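Some notes on the structure that comes next.
Quick note: the coordinates plus some simple rules give every number you see, no bench work behind them. Note that this is a predicted model, so its numbers are computed, not measured. Cβ: placed from backbone, ideal geometry, glycine included. Neighbour counts: every protein chain shown.
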Amino acid sequence: MLSVMRRRPPRPVPDVFETFAHRVDSGDEGPLEAPGAASVARSAGITVGLMVLTSLAFVAGAWVSAAVRPELVFSNLLWEGVAIVAWSVAWGGLAAAGVLALGIIAVGVPWVRRQRDARSTSASTSPSTPTSTSTSTP
């Protein structure tokens, strides 16, 4: 016996621009400006610094783990090599992920604080607050 699944009844698709109208920036703020050269250079420097720290952490983690590998006996030299490489890569990756996470936190926390301060000062100086309009759909 074939069982036939019922199709979902067609519903009107909501208009995205009406639904999220409160999230669209108004044109009162002016046109968007490109970031300055100093900002781009600072961001590039932070990115390169995080890349270098991550790669150094990977190499250090792999080097330390190669010196402290488990004592296993393999019947084939190939499998022993694969196990040593996998062990070193896993610990190197773990070290790199940890250092990258700490680096992102070290960079991200001050950035978030600056953004919050900028929003709080701009919200306190703005005389009007945005109001939400609700539209009902039948």
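Computed extension gain for Ala118 through Leu102, at 0.36 nm per residue and net of the alpha carbon distance, reaches 3.3 nm. Extension gain, Ile46-Val73: 0.36 nm per intervening residue step, less the Cα-Cα distance, totals 5.3 nm.
Model label sites at Trp111 and Glu33, defined 7 Å from Cα along the beta-carbon direction, differ in position by 2.0 nm. Placing a pseudo-label 7 Å from each Cα along the Cα-to-Cβ vector at Val64 and Ala86 gives an inter-label distance of 2.3 nm.
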